[in-house]
Amino acid sequence: MTTTMPALRLTAWGSDATLADVPRPTAGLGQVIVQVGGAGACHSDLHLMHDFAPGTLPWNPPFTLGHENAGWVYEIGAGVSGLEPGQPVAVVGAWGCGRCLHCRAGLETYCEDPASAPVPGGGGGLGLDGGMAEYLLVPDARHLVPLPDSVTPVMAAPLTDAALTPYHAVRRSLPKLIPGSTAVVIGAGGLGHLAVQILGAVTAARVVVVDPKQDALELAKSSGADVVMTPGPDTAAQIRALTGDRGADVVLDFVGSDQTLATAAASTRQTGDLTIVGIGGGTLPVSFFGVPYEVSVQTTYWGNRAELVEVFTLVEQGLITADITTYPLAEAPAAYAALAAGKVLGRAVVVPFREYTPA
Ligand SMILES: [Zn+2]
Ligand SMILES: [Zn+2]
C-alpha cells in the first residue's frame, strides 16, 4: 500500500500549480527524506508556470514546485552517515552530477556534465519534485546543510535562494565594493531586500535602491539602504549626481527588463560591475560605446554550498533576516496568487509542518 501526501503540482506548462495527492517518497541508497518545515514561494516559479513554452527547459512537468527548502531529516537511506532524524537542515537546491569540477567545488548550478545529473540543469522543484509537499526526496546527502541552532527551517527556506543568490552576486564583486564605493540595487523584492542587508553586512559601500513601489522602498530602508528612489527618466543622472558623476561601482539588477538594464548601464562607473540577476527577459546591447569602459557585464545564477553556510552564519550573527509571510500547504496556491498580484512584501513561505513530527 502506498502512502500519499498533498503536494503543489505543476502538471503542464502555461498553467497554475494545483494541490494533489502524490505518493510519499522513501529514501533509497544515499538518499534522505526531509520533512518540510518551509518552502519559499519564488517569483521564478511564476515564470515557470506561465512563461515557458514546451522545449524551453531540458525537463518537463509534472513535478512538485518548491526549490527553496528546509526542514528536518526524516528518513535516512542506506549508506548515509552523519545525519540524525529530527536534525534541522536546509537543502541546497541545484542538483548536479556531483563529479565534475564545478560540482566538486559545490557550484552545482553550473554542472558541466548535466546529462549525469538527476535532471539536467535543475533540482527539487525544478524538473524533480520539490518542497511544496509534506516530504521531499533529496537524492544525495551532500545537498543538505545543517542549520545553526538559532535558524529555524521556516527562516532558512527562503534564504536558500533569496539570500544565497544575492550573496553569490555580491561576493563576486567584493573587490570593487571598497569603503567609499557605491552599490545600486534595482528591485527591492524578495532578493533585493536581502541584497541590501548583505551589502550592509559584508561591505562598507553606500547602498542605493531603485524600485517603483513605496512599500518596497520602505522595506529597503529598514533593510539598511542609504538612498532610495523610484525609477524615472532621471534615475541614472541621479545616481551619477550622488557619486560625483562617476557612477556606481557595482549595479545589481534584480529585475532584468529592457528598462532596468538600460538604467543599470547608464548608472555603472567605468571599470564597474553590472550584474544581471533578475530573469525579466530584457536585453542589454553591449557595444564599444554602449556601456562605460571596462564595465564587466555578468549574469549570476543562484549560489554554492559553501556560500549557503556563510549566509547562515550572517543570519546567526543577526546581520541578515528575511521578511516572511507564512502560508499553510493547503493555501500554497493563494501564496502564488498574492505573489502574482504583487501583494507579498519580502518572502512568502509555505509551511507543511510547523515542527518536527516523528513517524
Ligand atoms: Zn527561488
Ligand atoms: Zn557536475
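The values are calculated or read from the model by the stated rules, or taken from the named source; none is laboratory data. In this text, all values refer to a predicted model and were calculated from it rather than measured experimentally. Heads up, the Cβs are rebuilt from the backbone with ideal geometry, glycines too, and the neighbour counts pull from every protein chain shown. For the accessible areas, the whole protein counts, side chains as well, though only heavy atoms, and no ligand, DNA or RNA atoms are used. Shrake-Rupley method; radii C 1.70, N 1.55, O 1.52, S 1.80 Å.
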Exercise. Which value, in Å², gives the accessible area per residue of segment 2-57 when a 1.4 Å probe is used on the protein heavy atoms?
Worked result: 43
Exercise. Under a 1.4 angstrom probe, counting protein chains only, how are Lys343, Lys213, Lys176, Lys221 ranked by accessible area, largest first?
Worked result: Lys343, Lys221, Lys213, Lys176
Exercise. For the chain, modelled as a GNM with alpha-carbon contacts under 10 angstrom, which of Ala17, Ala117, Ala225 fluctuates the most?
Worked result: Ala117
Exercise. All other residues with a Cβ under 11 Å from the Cβ of Ala90 taken together, and with Lys, Arg as +1 and Asp, Glu as -1, what is their net charge?
Worked result: -1
For this session: Could you pull out the longest piece of the chain with no exposed loop chymotrypsin sites (Phe, Trp or Tyr not before Pro) in it, calling a site exposed if DSSP puts it outside H, G, I, E, B and it has at most 10 other Cβ atoms within 10 Å?
Result: 1-287
Problem set entry | Normalised contact order of the chain, rounded percent, pairs of Cα under 8 Å and 6 or more residues apart | 19
Exercise. Could you give the accessible area per residue of segment 168-302, probe 1.4 Å, as a whole number in Å²?
Worked result: 44
Problem set entry | Cα-based shape type of segment 217-261, given that a ≥ b ≥ c are square roots of the gyration tensor eigenvalues and the cut on a/c is 1.5 | oblate
Exercise. Cα centroids of segment 118-148 and segment 11-26: how far apart, whole angstrom?
Worked result: 15
Exercise. So what is the relative contact order for segment 307-359, in percent, with contacts set as C-alpha pairs under 8 Å and at least six apart?
Worked result: 38
For this session: Measure nothing but the geometry: give the 0 to 90° angle between the long axis through the Cα atoms of 190-202 and the longest principal axis through the Cα atoms of the chain, rounded to 10°.
Result: 70
Seminar exercise, completed: Net charge near Asp161 (other residues with Cβ under 14 Å of its Cβ; Lys, Arg +1; Asp, Glu -1) is -2
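Take the solvent-accessible surface of the protein heavy atoms, probe 1.4 Å, and return the percent of it on the chain that carbon and sulfur atoms account for.
On the way: 8090 of 14930 Å².
Percent of accessible area from carbon and sulfur atoms in the chain: 54.
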For this session: Please work out the Cα center distance from segment 184-211 to segment 216-272, rounded to the nearest Å.
Result: 10
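By the gyration tensor of its Cα atoms, with a ≥ b ≥ c the square roots of the eigenvalues, what is the shape of segment 121-170: rounded for a/c under 1.5, prolate for a/b over b/c, or oblate?
Numbers: a/c = 1.72, a/b = 1.21, b/c = 1.42.
Oblate shape, in that a/c is at least 1.5 and b/c is the bigger or equal ratio.
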